[in-house]
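Presented below is the structure to which this report refers.
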Amino acid sequence: MKIIIKDNKASASKQAFAIFKNSISNGAKVIGLATGSTPENLYQEWVDSQLDNSNLISINLDEYVGLDEKSDQSYHYFMQKHLFKQKPFKKSYIPDGILAISNPQKASADYNKIIEDNPIDIQLLGLGQNGHIAFNEPGTAFDSITHEVQLTENTIQANSRFFSNIDDVPKSAICMGIANIMSAKEIVIMAFGENKADAVQKMIEGPVTEKVPASILQNHPNVTLIIDQSAASKL
Ligand code: GLP
């Protein structure tokens, strides 16, 4: 794993954007995208750039069960707001959180087929405070594919800052599995702030274990981790 430590989120996000731009100019066509506060600056760099997405396909990691683009907490809404509206892709995929209410198996299988049909060239990831990637919580099998996930209290708590009330945070999500993420040819993972320092330390210095989902990235041949000084404070 290549590790890049920058002074702050702004400079780290510039660096991450340079990696995506480079990969795209080298032929990457299918781009795996993530949500959360971590990638916001990176998407701003993308929006401010000359990069044209009209020949690219995007595939997002996850969506809450029960939310769609009409909800401003949905990941559909987030992506429209931060990237897709300004820089549309040829085609953008995000799991169907509405179908998932009645048929999570179909929502998962449909999405998994999309990933199989469009192998991901470069995947962006954030890191949960408990070491999760996408919504793959501690204990998720390393060979998992797209599935419905019951969110842990820790994740519900962490993500409640985006909702007016913690009771409004959905309890489950449809999420790419760890095997899907590992199948990407290249991975860029970012983490910023003191509250990610533990997870960063366990991810790169700890054993590869399903207790720390992100630790599997130690086994991927092409990963770049980009962090700020605070996230690096426990290394
Ligand atoms: C959520 C998302 C993840 C994200 C993580 C960290 O659970 N499903 O994809 O990486 O939170 O979020 P943040 O970037 O807001 O710290």
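Taken together, the criteria exclude Ala107 from residues that are of a type in the set (A, V, I, L, M, F, W, C), touching a Cys at 6+ places or on another chain (Cβ under 8 Å) and modelled with pLDDT of 95 or more. Output yes when any residue across segment 160-178 is among the aliphatic types (A, V, I, L, M), under 29 Å from Ile5 (Cα atoms) and buried (at least 16 other Cβ atoms within 10 Å of the Cβ), and no when none is. Yes, some residue in segment 160-178 is among the aliphatic types (A, V, I, L, M), under 29 Å from Ile5 (Cα atoms) and buried (at least 16 other Cβ atoms within 10 Å of the Cβ). Here Ala12, Ala28 are screened, and the one residue that is outside any strand (DSSP E or B) and surrounded by 22 or more Cβ atoms within 10 Å (Cβ to Cβ) is Ala12. Does segment 14-35 include one or more residues that are farther than 25 Å from Asn180 by Cβ, without any contact (Cβ under 8 Å) to a residue 60 or more places away in the chain, out of contact with any Cys (no Cβ under 9 Å at 6 or more places or on another chain) and within 16 Å of the ligand (Cβ to nearest atom)? Checked against the condition, which is being farther than 25 Å from Asn180 by Cβ, without any contact (Cβ under 8 Å) to a residue 60 or more places away in the chain, out of contact with any Cys (no Cβ under 9 Å at 6 or more places or on another chain) and within 16 Å of the ligand (Cβ to nearest atom), segment 14-35 yields no hits at all. Only one entry in Val188, Val200, Val212 is touching a residue at least 60 places away in the same chain (Cβ under 8 Å), out of contact with any strand residue (DSSP E or B) (no Cβ under 9 Å at 6 or more places or on another chain) and within 15 Å of the ligand (Cβ to nearest atom), namely Val212. Looking only at segment 75-119, count every residue that is among the small types (Gly, Ala, Ser), more than 29 Å from Gln50 (Cβ to Cβ) and buried (at least 16 other Cβ atoms within 10 Å of the Cβ) and tell me the total. The number of residues fulfilling the criteria is 4.
The values are calculated or read from the model by the stated rules, or taken from the named source; none is laboratory data. Computed from a predicted model, the values in this text were never measured in an experiment. Neighbour counts run over all protein chains shown; Cβ positions are idealised from the backbone, glycine included.
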